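To keep things clear, I will list the structure first and then write my remarks on it.
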Amino acid sequence: MATISQSSLQSPADANSEFVPTSRAVSVLELIGNTPLLEIKRATRGLIPPGVRIFAKLEGFNPGGSVKDRAARKMLEVGIRDGKLKPGKVIIDSTSGNTGIALAMLGSALGYPVELVMAENVSRERKKIIQAFGAKIHFSDPLESSDGAIIKCRQIIAAEPGRYFKPDQYNNEANALAHFETTGPEIWHQTGGQVTHFIACIGTSGTVMGTGRYLKTQNPAVKVIGVEPDDAMHGLEGLKHIASSIVPAIFHEEQLDEVMFVGTEESYDMVYVLGQTEGVLVGQSSGAALLAALRVAQTIREGTIVIIFPDFGDRYLSTNLWIGWREWRPEKLEQVMSKWNASTNATT
Amino acid sequence: MAVRVRVPTPLRRFTAGVDEVPADGVSVKTVIEDLERRHPGISERLLDEKGDLRRFVNIYLNGDDIRFLDALNSKVKDGDDISIVPAIAGGR
C-alpha cells in the first residue's frame, strides 16, 4: 500500500484553488475545509488486523468547530446565487447544534442576521457560542425534541413570510454537494486514492451522501457506510434514527453499501478511549464513527478506512456524555468490543 | 402515590403515542417499575443492565434533575410531575 505521507495533505483539491490552504484569509469562509486526517493507532492497537488502517478526518479544525461549516457555507452560497438570500433577509433554521453555530458564524461574517430555533435542553456551550456570534435563539419544548423545533420554526416563518431565508439542511441538496465538492476530494487526495471504506454518521446524511458519491466517482469499489443510533431513544447528538424520524429528502439509502447501528453508551466509551489513548477529545458522534470503523476493520484483512470526526469534545463538557467517565479505564475497551460483537452477532 | 409522567417523543411508541401517562410508586425507581408493567419495553430504554439510569437519559422530578436529588431513590408523592428527557435535542 502506498504511504500516506504528510505531503499529500498539501494539495487536497489541486484543481480548485478555493481548497488550497491559505496562510492569509479575508474571510472565515476561506478557512472552511482542508481539515487533517489523523491515523487512529493507539486506540485500535490489537483490535484490528495489521493490514487495516483507520484515519479520522478532524472536522473540528473548521473555523466554526465542526463539519457543518461546509454545508452551511454551500447552502448560503447557493441561496445568494439563486437570489433567495439577499440583503434585508434573515437566515433562520431549526437546529440544535453545529449547523446553528455554523450559520451564526457565517451570518456574522457575511452581515446577515441569524435566528435559530432549538429545544431548551441544548447544551449551555452551544447557546453561548451561538449568542456570541450575535444570533438570536428561539426555544422549543425539550420533550418534543427536534420535531418541536421544526414546527416552531415553521410558525415563525409563517407569521412573516418573505422575511426569512431558510437553508433547510435536511432537504437542501447543497448540503450534500458541499461534501461532493470538498470533503470527498480532500479524502481522495489525502489517502493518495487508497481509501477503501468511508464511514460517516447520519444526521442530515449530507456528509455520507456527498462524500460517498464523490469517492465512488473516483473508485466505484469504495464502500460507503452510514451509521445510525440503534434506538429512537438515544444520546448521540446530531445523529438520526431514520426509522423513527422524518427522513431527510437528501438521504438516498440505495446509494449506501451498508448502514450500521451503534449504541449510545458504547459510543460514549469510545470518546473516553480516544481522549485517554490518542490525545484527541471529540464529541459522541466521533465515538460512534470509530465504533463502526472497528467493527468493519474486524471483517477485512486489509484496507484504508476513513471516518469523520465531526467536531471536538469541548462543546460537550457540560453534557451527559461525561457522566461516569471517571470510572472509565482504557482496558475496558476490549470488554466493550466483545459485548458489542456479541450483541451484533445476536441480531444478525 | 399517583404521579404524572411526561413521555418524550422517542418513547411514545410504548405509550400508544400518548405524551403524558399516569403511574404509581413511592420512588422514581418504583414509578419506572410501574411504567414497565403498563408499557412493556420502556424500562430498558431508561435503565442499563445494572439498573442504573442510562447516561443519556435525564429524569426531572417536579422540574429538578434527579441526579441532584437522590437519583432513582428520590421519593415521590401524590400529584408529582416526572419528566423523562433525552439528553440531546436531536438533529443537528
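Bear in mind that the values in this text are calculations on the coordinates, not laboratory data. Everything quoted here is computed from the prediction, not taken from an experiment. A quick note on method: Cβ atoms are made from the backbone with ideal geometry, for glycine too, and the neighbour counts reach across all protein chains shown.
Using the Kirkwood formula over every pair of different C-alpha atoms, what hydrodynamic radius in Å results for the protein assembly as shown?
Hydrodynamic radius (Kirkwood, Cα only) of the protein assembly as shown equals 22.5 Å.
Peptides A:157-167, A:217-227, A:54-64 ranked from most to least packed give A:54-64, A:217-227, A:157-167, packing being the mean of other C-beta atoms within 10 angstrom over each peptide's residues. Modelled spin labels at B:Met1 and B:Val26, positioned 7 Å past Cα toward Cβ, are 1.1 nm from each other. The alpha carbon centroids of the range A:259-273 and the range A:51-79 are separated by 21 Å.
A simple count of charges around B:Glu20, restricted to other residues whose Cβ falls under 14 Å of its Cβ and scoring Lys, Arg +1 and Asp, Glu -1, yields -1. Within the shell of other residues whose beta carbon sits under 9 angstrom from the beta carbon of A:Ile32, the net charge comes to 0, with Lys and Arg scored +1 and Asp and Glu -1.
Given 37 °C and 0.692 mPa s, compute D for the range A:160-256 with the Stokes-Einstein relation, Rh being the Kirkwood radius over Cα pairs; round to the nearest whole µm²/s. In µm²/s, the coefficient rounds to 230. Relative protection proxy for A:182-189, A:256-263, B:69-76, A:29-36, from highest mean packing down: A:182-189, A:29-36, A:256-263, B:69-76 (other beta-carbon atoms within 10 angstrom).
Annotation: the antiparallel percentage among DSSP beta bridges lying fully within chain A is about 15. Beyond 19 Å in Cα-Cα separation lie the following of the pairs A:Lys89/A:Lys136; A:Lys89/A:Lys166; A:Lys240/B:Lys50; A:Lys127/A:Lys152: A:Lys240/B:Lys50. The fraction of all Cα pairs in the range B:2-86 landing in successive 10 Å bins from 0 to the largest distance is 19, 60, 21, 0, given as whole percents.
For B:Lys77, a cut-off of 17 angstrom between C-alpha atoms picks up these lysines, skipping any fewer than 8 places away in its own chain: B:Lys29.
The dipole here belongs to the protein assembly as shown: it is taken about the Cα centre, uses +1 on the Cβ of Lys and Arg and -1 on the Cβ of Asp and Glu, and is about 760 debye.
Shielding value for A:222-234 is 3, the average number of Cβ atoms from other chains within 10 Å of each residue's Cβ.
For the segment A:245-252, counting C-beta atoms of other chains within 10 Å of every residue's C-beta and taking the mean gives 1. Each of A:Thr304, A:Thr299, A:Thr207 was scored by other Cβ atoms within 10 Å of its Cβ. Arranged with the fewest first, they read A:Thr299, A:Thr304, A:Thr207.
Estimated from helical segments only, the mean residue ellipticity of chain A at 222 nm is -10500 deg cm²/dmol, where each DSSP H run of four or more residues counts as -39500 (n - 2.57).
Let me confirm one metric for peptide A:311-323, namely the mean number of other chain beta-carbon atoms within 10 Å of its residues' beta-carbons.
Averaged over the peptide's residues, the number is 2.
Given +1 on the Cβ of Lys and Arg, -1 on the Cβ of Asp and Glu, and no further charges, what dipole in debye does the range A:68-165 carry about its Cα centre, rounded to the nearest 20?
Around 360 debye, computed over the range A:68-165.
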